[in-house]
Amino acid sequence: MPRLEPERLLDDLDPEQRTAVLLTSGPVAILAGAGTGKTRVISRRTAYAIGTEVVPPDQVLVVTFTDKAAGEMVSRLRGLGLPGVTARTFHAHALSMLRHFWPSRHDGQPLPELLDSKLPILSRLVRQLPGHYRFTPSKDIADEIEWAKARRIGPREYENAGRAAGREPPIPVDLFLRTFENYERAKARAGRIDFDDLLVETVSLLETDEGAAATVRARKRWFSVDEYQDTNPLQQRLLELWLGESRDLCVVGDEDQTIYTFTGASSTFLTTFTERWPGANAVALVRNYRSTPQVLALANRLLAAEGRTKRLEATRGDGPEPEILRHPTADAELDWLTGAIRARLGEGIAPAEVAVLVRMNAQLAPIEEALTRAGIAYVVRGMRFYDRPEVRGAVESLRRRPALEATGVRLTNAIKERWADAVGFEENGTAEGDEARERQASLETLLAIVQGVVRGDATADVGVVLAELEARAAHEKAGSADGVNLLTLHRAKGLEWDAVFLPALEDGNLPIRQALDDDEALAEERRLLYVGLTRARTHLALSWAERRETRGRESRRQPSRFLLDLRPRPAPGSRIRELPGPRVAGPAPKPSRPGTDNDDPVFLALREWRTGVARDEAMPPYVIAHDATLTAIAEARPRSLAALRRVKGMGPAKLEKYGDEILAVLERTADGELA
């Protein structure tokens with residue numbers, strides 16, 4: 001092992017990193033933006049504290065949120081000459097304590113065996129629910145139980161506590177309470193505990209057994225907690241109990257990467273740290289070592305749109321401008337995507353250094369198909385589409401008797417009926433809960449694939465459909481370790497690539513439909529996009545389609561409202577837009593007809609919108625709105641329905657039918673962007 005030389009640990013650090021490393025005592029908050037070297041700072045700070053004899057190695061605990069991160073931290077510390085430092089997750093450290101203390105508090109009995117997952121028990125209980133509720137994804141039930149346990153809320157307290165917190169369980173409250181209680185009973189009968197119980201029981205131990213608490217605090221007294229923005233209330237309480245009277249706590253996190261609030265995480269503990277710890281030091285790491293200035297400019301604009309002053313500073317040289325691309329259809333977007341990926345590979349970028357990130361797993365299936373047609377190898381990171389339980393169940397149901405005898409359109413209808421009975425599929429159905437929405441989207445995607453097979457062959461029977469689905473599943477499973485990465489934005493956190501593509505950035509996709517009228521959910525969707533942007537080192541492309549097939553029919557789409565925030569901003573007092581900026585590609589607004597001299601881009605965008613509506617509704621454009629009405633709207637630039645109502649020609653009926661769309665066009669065309 002190399003000899004630890006404290007001063008050498010500071011040699012290659014930037015000023016903010018150096019400041020953080022030198023703060024080896026007392027409460028410290030390190031606000032580490034994306035790509036600012038937080039793992040390096042945590043490991044160097046730990047090594048420096050040990051090397052300068054602030055703390056012995058055996059009294060250090062570095063807390064991470066995943067076993068993988070713990071392994072990486074151990075490797076970093078070993079490379080610095082510190083093989084004996086403990087780096088663990090909250091759950092792993094709690095487990096070591098319970099195994100030690102449990103027998104003395106339970107008549108010599110060992111700690112009960114740990115459940116790998118709640119899902120086997122919950123799946124059985126969910127299947128016993130009445131009616132359509134038996135198809136509720138068990139993961140959504142598990143997430144809600146985890147949210148409750150993170151706040152030490154049991155089945156009896158859930159109804160009042162959940163109502164006070166504004167929680168909506170994925171099934172009616174009475175059914176959820178019954179399922180929660182039955183889960184706890186089943187777990188007890190099996191003599192098992194789950195991962196939440198590890199923390200609950202450890203907190204209980206340290207709150208009620210002063211001797212155990214004293215022993216624990218004597219062993220570890222210097223703490224560093226990574227990804228602190230993802231801490232939940234139960235973990236926060238456990239951390240406080242580990243600390244006791246010690247003030248040697250360092251927390252590291254980024255509030256703009258808080259994307260797991262649905263499991264109970266809260267960035268509040270990070271953002272209020274200095275208030276809760278008087279005299280605490282706070283250091284912001286702002287120098288980004290991952291991305292080009294052009295990529296960071298886009299990420300910074302996304303934050304600035306909310307009035308934030310935080311800015312990541314680039315340390316790398318210039319790269320290509322990010323692209324924001326509009327496509328007429330989803331198929332056109334896929335054609336562009338495969339061509340752009342091929343271009344990056346042709347430039348010498350390794351396939352493993354290219355990633356396509358989406359909001360939901362179900363969005364990967366058409367991308368997989370497009371890459372397959374293009375002969376581009378890919379690998380799905382996370383659960384593959386055809387491995388999802390609802391997809392497997394839907395495909396398997398097509399093999400059951402009685403066999404489906406229909407062909408063509410009749411076959412599609414027969415399949416929908418079979419799926420309604422077998423997997424609870426409702427075409428155009430709504431879903432509550434993250435997993436339920438993913439489930440619904442997956443089945444809708446599978447139906448779209450079936451419809452595509454039938455459209456291509458009017459004589460196709462169920463055997464042809466099954467053969468196509470099996471072939472796609474086999475190709476997906478074959479994958480390639482060296483292929484282009486396909487994954488969701490949630491799974492992308494903590495990763496990075498040379499080239500990143502973010503397709504389907506439309507309202508309803510990102511942000512998802514359910515977040516459009518929920519400020520907190522909308523803020524989390526924004527953070528998801530921020531995570532996506534900051535995964536790119538050099539090449540970044542965002543795209544959306546004006547028309548996309550959704551729920552069995554093609555419909556007009558609007559660009560994600562977040563894309564509006566990525567426009568270059570003019571300097572204060574300047575009439576010139578900030579340049580250079582991301583390229584916005586796609587069809588230009590249609591020119592005015594002969595005899596029309598209004599070349600206002602807002603008017604032209606409104607006319608383009610009107611043309612699309614008229615085409616969809618098969619009626620003359622003037623029935624939607626006269627040119628005079630569009631001109632008045634363009635001049636007034638209303639920002640609310642109330643203001644739009646005051647425009648001549650906008651009666652109540654038109655306001656109700658088209659008001660939101662018109663306001664969306666006006667917002668998109670502010671400063672002449674995107675339309």
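Read-outs: derived from the displayed coordinates by stated rules, not from any lab. All of these numbers come straight from a predicted model, not from anything done at the bench. Using ideal geometry, Cβ is built from the backbone for each residue, glycine included, and neighbour counts are taken over all protein chains shown.
To check you understand DSSP bridge types, tell me what percent of the beta bridges within the chain (both residues inside) are antiparallel, rounded to 5. Taking every DSSP beta bridge within the chain, about 10 percent pair in antiparallel fashion.
Tell me the GluC sites (Glu not before Pro) within segment 399-506 that lie in a loop according to DSSP and have at most 12 other beta-carbon atoms within 10 Å. Please list the in-between numbers first.
Values: sites: 405, 417, 426, 427, 432, 435, 438, 444, 468, 470, 476, 496, 506; in loops: 405, 426, 427, 432, 496.
When the GluC sites (Glu not before Pro) of segment 399-506 are filtered for loop state and at most 12 Cβ neighbours within 10 Å, 405 remain.
Cβ-to-Cβ counts within 10 Å put 491, 76, 247 in ascending order as 247, 491, 76, the fewest first. Cβ-Cβ distance of residue 347 and residue 167, R₀ of 30 Å, FRET efficiency by 1/(1 + (r/R0)^6): the value works out to about 0.05. The amide H of residue 460, built 1.01 Å from its N in the peptide plane, has 408 as neighbours under 5 Å, considering only residues 5 or more places off or on other chains. Once the Cα atoms are used to define both axes, helix 173-189 deviates from the longest principal axis of the chain by about 40 degrees. In degrees from 0 to 90, rounded to the nearest 10, what is the angle of the helix 210-219 Cα long axis to the longest principal axis of the chain? It works out to around 80 degrees. Packing around the peptides 253-259, 110-116, 660-666, 87-93, taken as the average count of other Cβ atoms within 10 Å per residue, puts them in this order, highest first: 253-259, 87-93, 660-666, 110-116.
Need the full-extension length gain, residue 304 to residue 661, defined as separation in residues times 0.36 nm minus the C-alpha distance. One decimal, nm.
Numbers: separation 357, 0.36 × 357 = 128.52 nm, distance 2.53 nm.
My answer for the length gained is 126.0 nm.
Could you tell me how far the Cα centroid of segment 142-198 sits from the Cα centroid of segment 374-397, in Å? Segment 374-397 and segment 142-198 have Cα centres separated by 31 Å. With θ taken as phi - 60° and the Karplus curve 6.51 cos²θ - 1.76 cosθ + 1.60 applied, the whole-hertz 3J(HN,Hα) list for segment 250-256 is 10, 10, 10, x, 9, 4, 7 Hz, x standing for glycine and proline.
Step by step: find N for segment 51-142, compute 2.2 N^0.38 Å, then divide the Cα radius of gyration by it. What's the final number?
On the way: Rg = 20.0 Å, N = 92, 2.2 N^0.38 = 12.3 Å.
Dividing the Cα radius of gyration by 2.2 N^0.38 Å gives 1.63.
In the chain, taking the dipole from charged Cβ atoms about the Cα centre, the farthest positive-side position among 452, 172, 236 is held by 452.
Apply the a/c threshold of 1.5 to the C-alpha gyration tensor of segment 228-273 and tell me whether it is rounded, prolate or oblate. Verdict is oblate for segment 228-273. Distances longer than 14 Å among the Cα atoms of segment 119-193: what percent of all pairs is that? I get 57 percent for the Cα pairs in segment 119-193 exceeding 14 Å.
I need the shape label for segment 385-479. Rule: rounded when a/c is under 1.5, else prolate if a/b > b/c, else oblate, with a, b, c from the alpha carbon gyration tensor.
Details: a/c = 1.70, a/b = 1.24, b/c = 1.37.
Judged from the Cα gyration tensor, segment 385-479 comes out oblate (a/c at least 1.5, b/c at or above a/b).
Mean separation of Cα pairs under 8 Å and 6 or more residues apart, divided by the residue count, gives segment 206-265 a relative contact order of 42 percent. Stretched out straight at 0.36 nm per residue, the stretch from residue 428 to residue 643 would grow longer than its current Cα-Cα span by 74.1 nm. Residues whose amide H comes within less than 5 Å of that of residue 222, counting only those at least five positions distant or on another chain, are 61 (H built at 1.01 Å from N in the peptide plane). For the residue pairs 187/477; 68/149; 38/68; 310/493; 38/477; 187/493, alpha carbon separations beyond 26 Å are given by 187/477; 38/477; 187/493.
What does the convex hull of the alpha-carbon atoms of the chain project to on average, in nm²? If you can, show how the numbers build up before the last one.
Working: hull surface 141.3 nm².
The Cα convex hull of the chain, projected and averaged over all directions, gives 35.3 nm².
Rounded to the nearest 0.05, the FRET efficiency derived from the C-beta distance between residue 96 and residue 132 at R0 = 51 Å is 0.70.
If R0 is 56 Å, what FRET efficiency do you get for residue 635 and residue 182 from their C-beta distance, rounded to 0.05? Efficiency at R0 = 56 Å is approximately 0.35.
Seen against the Cα atoms of the chain and their longest principal axis, helix 627-636 is set at about 30 degrees.
Between residue 400 and residue 5, the modelled label-to-label distance comes to 7.1 nm, taking each label 7 Å out from Cα in the direction of the beta carbon.
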